[in-house]
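Participant: One structure follows; several queries about it will come next.
The values are calculated or read from the model by the stated rules, or taken from the named source; none is laboratory data. Everything quoted here is computed from the prediction, not taken from an experiment. All Cβ positions, glycine included, derive from the backbone under ideal geometry; neighbour counts span all protein chains shown. Heads up: the accessible areas ignore ligands, DNA and RNA and are worked out on the full protein's heavy atoms, side chains in. Shrake-Rupley method; radii C 1.70, N 1.55, O 1.52, S 1.80 Å.
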Amino acid sequence: MSHFLTTHTEISEEIITECLRHQVVPIEVDAQQLTIAAEQGSALTQVIAQLAFTCGRHIKVIDWSRLKVEQHLAQLSQSRPNKSLLEAARQTEHRASNPELITQDKQHDSEPVVLFINQVIRQALQRRASDIHIEPYSDHCRIRLRIDGALQEITSPPLSLAPQLVARLKIMAQLNIAERRQPQDGQLTFHDENQQRALRISTIPVSGGEKVVLRVMESGNCQQTISSLGMSPDEQQLYQAMLHQPQGMILVTGPTGSGKTVTLYSGLQQLNDTSRNICSVEDPIEIPTDGINQTQVNPKAGITFHHALRAFLRQDPDVLMIGEIRDKETAEIAVEAAQTGHLVLATLHTNSTSETLLRLSLMGIPEYLLASSLKLIIAQRLIRCLCPRCKQKQAQPDIVHTKQGAVTVYSSQAKGCEHCVGGYYGRTGIYEMMVINDVIKQGLFAKRSVTELYQLACEQGMTPLFQSGLSLVERGVTSLSELYRTLGSFSAQSVR
């Protein structure tokens, strides 16, 4: 890595800026040739032509892995700030204390600001980030990307440009740029060469200015299938069987960011054909999909979850998808729809399958209605995968004490390499599936406790979340420490 930095001492800022714009790494330059590194298999004809024109030299290309390119670009961006940004910061430093002047002079539309925002979003897409955080503080502005569930800091702009960045993002999302005292949210579309992605924006006042978080929405063109979710073959078969039931309710539960929506849409993708009328109510619409009638909740216009569901029930639906069951009214309509010939898919924020039954009961849904309408409850989490290139099996085993007894596990660890981030690359799901069969129904009728229902489900073949994760640890897919980080140390105890 140190050699990489020293080779850039003679490369001009203009060439570095152009390479960053095209997401290639400048390696070496002499009087006749510029050597760059790019991702293997990239289409570089236009990039090579533009770089050759900019620097007046022949372009030599070296193939690198995608992660190696990303890491070197991030290091280069942090070690050599964009001079155009610094110049713009100096020119507007005296305006930083008066955001009104920034708005009036339309500095938020200046080329450095636009280029910087485009660079950050492009980098986020390339690094598979789910969120972009722009955070102003008293003496600096920090930008972080959430990659595989963990936040990582990237290039930060000068503090005096922070108001311009926020104003520019607000314009892109058609928000009120004059309103800086109230939180705002909306959606914007990012166009970059051949890709178009939607991003959800949320702003909120903080002590240093306005914080902005951009959520990268899933693309309708790259939806995941059930086979790519990380389910075991038996879990895939169970989920697919329940999706083809003529009526009933399938609930997917878990905390925010656990992949619930992707699981639902992978199921809807199987059902999405001309023979079915599929309708969804979401807040917001996460994955725009042709063939599905998608409605976004809008309380100001009177469109709430239960109002939209009532309207859809009058439009001859076959399948209903509810983004989230938040209140009693929505839960009642969902249960009613599941009992009257409709297949209902929905999410709920609970930690386990058995807790879902308790939550619905506390919402006022009688046990006999839950027994007759529910078909399947899925509790899930997303867990980081160990890098296959640098992971190593530990010599000493871990003794994990679970509810079923002590288990000896030879887990793996990864220290990190140029292909991964901290030893991890990508995420997969772990699942707990409760089938509402006759035994569970009898437990509901008898008003059994959450613990008793959980034990009944395990006796009927349900694999607990921790056990599902432990099987991934044994196969070397993830680490034991990552399993504890995801589920909490209370799930089990380990000693070496």
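Participant: So if I check each of Ala338, Ala346, which one is under 20 Å from the mean Cα position of the chain (by Cα), open to solvent by less than 30 Å² (accessible area, probe 1.4 Å) and hydrophobic (A, V, I, L, M, F, W, C)?
Facilitator: Testing whether each residue is under 20 Å from the mean Cα position of the chain (by Cα), open to solvent by less than 30 Å² (accessible area, probe 1.4 Å) and hydrophobic (A, V, I, L, M, F, W, C) leaves just Ala346.
Participant: OK, next. Can you name the number of the only condition in (1) surrounded by 19 or more Cβ atoms within 10 Å (Cβ to Cβ); (2) within 22 Å of the chain's Cα centre (by Cα); (3) touching a residue at least 24 places away in the same chain (Cβ under 8 Å) that Glu324 fails?
Facilitator: Tallying (1) surrounded by 19 or more Cβ atoms within 10 Å (Cβ to Cβ); (2) within 22 Å of the chain's Cα centre (by Cα); (3) touching a residue at least 24 places away in the same chain (Cβ under 8 Å), Glu324 fails exactly one: (1).
Participant: State yes or no: is Gln50 under 15 Å from Arg127 (Cβ atoms), assigned to a helix (DSSP H, G or I) and in contact (Cβ under 8 Å) with a residue 12 or more places away in the chain?
Facilitator: Taking the combined requirement at face value, the residue does not satisfy it.
Participant: Show the residue pairs meeting these rules: Cβ distance below 8 Å; 6+ apart or different chains; first residue within the stretch 276-291 and in contact (Cβ under 8 Å) with a residue 40 or more places away in the chain and under 17 Å from Gln247 (Cβ atoms); second residue open to solvent by 40 Å² or more (accessible area, probe 1.4 Å) and outside any strand (DSSP E or B).
Facilitator: Arg276/Asp318; Asn277/Gln315; Asn277/Asp316; Asn277/Asp318; Ile278/Asn272; Ile278/Gly291; Ile278/Asp318; Cys279/Gln315
Participant: Suppose we filter Gly248, Gly254, Gly267 for residues that are over 25 Å from Leu382 (Cβ atoms) and in contact with a helix residue (DSSP H, G or I) (Cβ under 9 Å, 6 or more places away or on another chain); which single one remains?
Facilitator: The conditions single out Gly248.
Participant: Which members of the stretch 436-478 meet the condition of being open to solvent by 50 Å² or more (accessible area, probe 1.4 Å), of a type outside the set (A, V, I, L, M, F, W, C) and part of a loop (DSSP other than H, G, I, E, B)?
Facilitator: Lys447, Arg448, Ser449, Gln460, Gly461, Thr463, Arg475
Participant: OK, next. In this structure, is Val407 in contact with a strand residue (DSSP E or B) (Cβ under 8 Å, 6 or more places away or on another chain), open to solvent by 20 Å² or more (accessible area, probe 1.4 Å) and either within 30 Å of Asp148 (Cβ to Cβ) or of a type outside the set (Gly, Ala, Ser) (or both)?
Facilitator: Yes: the conditions hold for Val407.
Participant: Any idea which residue in the stretch 138-155 is nearest to Gly209 (Cα to Cα), counting only those that are free of Cβ contacts under 8 Å to residues at least 24 places away in the same chain and under 22 Å from the mean Cα position of the chain (by Cα)?
Facilitator: Across the stretch 138-155, the extreme among qualifying residues is Arg142.
Participant: While we're looking at this one, here's another question. Sort out which residues of the stretch 261-277 are closer than 15 Å to Ala346 by Cβ, open to solvent by 20 Å² or more (accessible area, probe 1.4 Å) and either at pLDDT 95 or above or in contact with a Ser or Thr (Cβ under 9 Å, 6 or more places away or on another chain) (or both), and write them in order of number.
Facilitator: Thr261
Participant: Inside the stretch 135-146, can you point out the residues that are open to solvent by 10 Å² or more (accessible area, probe 1.4 Å) and closer than 14 Å to Val216 by Cβ?
Facilitator: Arg144, Arg146
Participant: Quickly run through the stretch 143-160 and pick out the residues that are of a type in the set (Val, Ile, Thr), modelled with pLDDT of 80 or more and in a loop (DSSP other than H, G, I, E, B).
Facilitator: Ile154, the sole residue that qualifies.
Participant: Among the residues of the stretch 25-41, write down those that are in a strand (DSSP E or B) and either over 18 Å from Glu13 (Cβ atoms) or open to solvent by less than 60 Å² (accessible area, probe 1.4 Å) (or both).
Facilitator: Result: Val25, Pro26, Ile27, Val29, Gln33, Leu34, Thr35, Ile36, Ala37, Ala38, Glu39.
Participant: Turning to a different aspect of this structure: I'm told Glu135 meets every condition in (1) under 14 Å from Lys211 (Cβ atoms); (2) assigned to a helix (DSSP H, G or I) except one. Can you identify the failing condition by its number?
Facilitator: Failing condition for Glu135: (2).
Participant: Further question: Within the stretch 239-260, can you find the residues that are assigned to a helix (DSSP H, G or I) and open to solvent by 40 Å² or more (accessible area, probe 1.4 Å)?
Facilitator: Answer for the stretch 239-260, where residues must be assigned to a helix (DSSP H, G or I) and open to solvent by 40 Å² or more (accessible area, probe 1.4 Å): Gln240, Ala241.
Participant: Could you list all residues from the stretch 166-190 that are among the hydrophobic types (A, V, I, L, M, F, W, C), within 23 Å of the chain's Cα centre (by Cα) and either under 22 Å from Asn298 (Cβ atoms) or modelled with pLDDT under 90 (or both)?
Facilitator: Leu169, Met172, Ala173, Leu188, Phe190
Participant: Does Val213 satisfy the criteria of being of a type outside the set (Lys, Arg) and in a strand (DSSP E or B)?
Facilitator: Yes: the conditions hold for Val213.
Participant: Can you name the number of the only condition in (1) crowded, with 17+ Cβ neighbours inside 10 Å; (2) part of a strand (DSSP E or B); (3) not hydroxyl-bearing (Ser, Thr, Tyr) that Ile177 fails?
Facilitator: If we test Ile177 against (1) crowded, with 17+ Cβ neighbours inside 10 Å; (2) part of a strand (DSSP E or B); (3) not hydroxyl-bearing (Ser, Thr, Tyr), just (2) comes out false.
Participant: Just a yes or no: is a residue in the stretch 416-430 open to solvent by 10 Å² or more (accessible area, probe 1.4 Å) and free of Cβ contacts under 8 Å to residues at least 12 places away in the same chain?
Facilitator: No, the stretch 416-430 contains no residue that is open to solvent by 10 Å² or more (accessible area, probe 1.4 Å) and free of Cβ contacts under 8 Å to residues at least 12 places away in the same chain.
Participant: Among the residues in the stretch 230-238, are any of a type in the set (A, V, I, L, M, F, W, C), within 29 Å of Met462 (Cα to Cα) and open to solvent by 20 Å² or more (accessible area, probe 1.4 Å)?
Facilitator: Within the stretch 230-238 (the criterion being of a type in the set (A, V, I, L, M, F, W, C), within 29 Å of Met462 (Cα to Cα) and open to solvent by 20 Å² or more (accessible area, probe 1.4 Å)), the answer is yes, since at least one residue qualifies.
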